[in-house]
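Notes for the one structure printed next.
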Amino acid sequence: MAKVDLNLIVIFDAIMREQSITIAAEQLAMTQPSVSKAVSRMRYAWRDPLFLKQGRGITPTPYAKKLWQEIADPLRQINSSISPPKFAPMTSSTQLRVALTDGISGLFWPKLRAIIEQRAHAIDLYAVPFQGNGELLLLNAEVDLVLDYFPTKHRHITVKHLYDNHFTCVMHPSHPLAEQDLSLGEFCHADHLLVSLSGDPSGAVDKCLMERGKQRRVAMTVNSFSSAIDLLQESNLICVMPFTVASKAIRKGQLVHKAVPISVPSPTISVAWHTRNQPSLALKWLINEIEQLVIHDSEIFTAPLLQVSPSTGSNLGNLCEINEQTPI
């Protein structure tokens, strides 16, 4: 066969499997005359009758049987290659790398692990440190997903909003300021803990205060939110942090939170992935599970917006700019 019409191969395979031209036509969504015409072309091209009448059915010739045996495996391989890939969380072994801060991982990782243990045993999740380098990590294919603040608009990166990260002022329940509304003066004179992934000892709050001729004392910095939660429970420090990160300790009564007496912008937390993944079925599964967690735990992700009492201080306006490396 110098030149082969692949359509004839597909039709031939269907007839051999069904042992019926009529049923093969139905399976291929073709008319019976069209299939019969294709059989005539096969006979001419391959110099063999291929199918002989036997009662109401047909029987393949020895040549047809030999030919089908030779093309069966290649056809299955082709069908497997061009068929939509299948993904089963329980059985599809997949590793996914996600860039995120420890605050976000503490929020999502325990819940995602519970989901994996219940219905996605074959999925492995690897956390990659995030320090405002999400775009570079995605472009270099070092991670599959970024789950954090991601303002970049790159033509090869897709960004999907999850929730707005509202900030609150957190302290130990025994702190002298824990029983009252927090005034601007009290806020400025308190000893502050700053979570700074970059090591910068000033953040967006300091910028807002400086623009109004105010300042606070950053008495200590840490480079992780988990360290901040632990430290706040053992000190008289106060800390401005996302409500989502502090919510577990607040619910347990380990910390209390107060309205921040200045307006701090609420950065958008998103999932972002490179268009090369588009996303894969495994990545699509993970994104969907993350979105469902946000919907299910809406009381955490839609934080109570505590209001500043007019008698305790004035809201200074939403003047701070936050980027992915800005501490609070």
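Bear in mind that the values in this text are calculations on the coordinates, not laboratory data. The model shown is predicted, which means the values in this text are computed figures rather than measured ones. Virtual Cβ from ideal backbone geometry, glycine too; neighbours counted across all protein chains shown.
Assorted remarks:
- Highest mean packing first, where packing is the average number of other Cβ atoms within 10 Å per residue, the peptides 278-288, 33-43 line up as 278-288, 33-43.
- Note that the stretch 114-153, at 20 °C in a medium of 1.002 mPa s, gets a Stokes-Einstein diffusion coefficient of 181 µm²/s from its Kirkwood radius over C-alpha pairs.
- Take every Cα pair under 8 Å whose residues are at least 6 apart in sequence, average their separation, divide by the length of the chain, and the relative contact order is 20 percent.
- The base-10 log of I(q)/I(0) for the stretch 217-288, evaluated at q = 0.11, 0.15, 0.16, 0.20 Å⁻¹, reads -0.45, -0.69, -0.74, -0.91 [Debye formula, identical scatterers on Cα atoms, solvent excluded].
- 21 Å Cα-Cα reach of residue 65 towards lysines, excluding residues that sit fewer than 8 places from it in its own chain: 3, 37, 53
- Here the spin labels are modelled as points 7 Å beyond Cα on the Cα-Cβ line, and at residue 164 and residue 281 they lie 3.8 nm apart.
- Remark: the stretch 65-79, residue by residue, has Karplus-estimated 3J(HN,Hα) of 5, 5, 5, 5, 4, 6, 9, 4, 5, x, 5, 4, 5, 5, 4 Hz, where x stands for each Gly or Pro and the curve is 6.51 cos²θ - 1.76 cosθ + 1.60 at θ = phi - 60°.
- FRET efficiency estimate (nearest 0.05) - Cβ-Cβ, residue 93 to residue 215, R0 56 angstrom: 0.55
- Taking the DSSP beta bridges with both ends in the chain, the antiparallel portion is around 60 percent.
- Using Cβ point charges alone (K and R +1, D and E -1), the dipole size of the chain about the Cα centre works out to roughly 1900 debye.
- When each of the peptides 10-21, 116-127 is scored by the mean number of other C-beta atoms lying within 10 Å of its residues, the order from highest to lowest reads 10-21, 116-127.
- Contour minus Cα-Cα distance for residue 295 and residue 263 (0.36 nm per residue): 8.9 nm
- For residue 51, the residues 5 or more places off, or on other chains, whose built amide H falls under 5 Å of its own are 61.
- Using the Cβ-Cβ distance between residue 131 and residue 77 with R0 = 41 Å, the FRET efficiency computed as 1/(1 + (r/R0)^6) comes to roughly 0.40.
- Euclidean distance of C-alpha centroids, the stretch 226-299 and the stretch 73-143, integer Å: 20 Å
- Extension gain for residue 231-residue 153 works out to 24.5 nm (0.36 nm per residue, less the C-alpha to C-alpha distance).
- Cβ-derived FRET efficiency at R0 45 Å, residue 86 paired with residue 8, nearest 0.05: 0.95
- Cα-derived Rg over Rh, computed across the chain with Rh taken as Kirkwood radius: 1.29
- Once the gyration tensor of the Cα atoms in the stretch 25-141 is diagonalised, the equivalent ellipsoid follows with semi-axes of 56, 17, 13 Å, ordered largest first.
- Between the amide H of residue 191 and those of 238, distances stay under 5 Å, these residues lying 5 or more places away or on another chain, with hydrogens modeled in the peptide plane.
- 3J(HN,Hα) from dihedral phi, the stretch 290-297, Karplus parametrisation 6.51/-1.76/1.60, rounded to Hz, x for glycine, proline: 5, 4, 5, 5, 5, 5, 5, 9
- Taking only the C-alpha atoms of the stretch 167-258, Rg followed by Dmax gives 12.3, 37 Å.
- Normalised contact order of the stretch 1-128, rounded percent, pairs of Cα under 8 Å and 6 or more residues apart: 18 percent
- Contact order for the stretch 107-199, expressed relative to its length and based on alpha carbon pairs under 8 Å spaced 6+ residues apart, stands at 17 percent.
- Once the convex hull of all Cα atoms in the stretch 6-82 is built, its volume per residue stands at 86 Å³.
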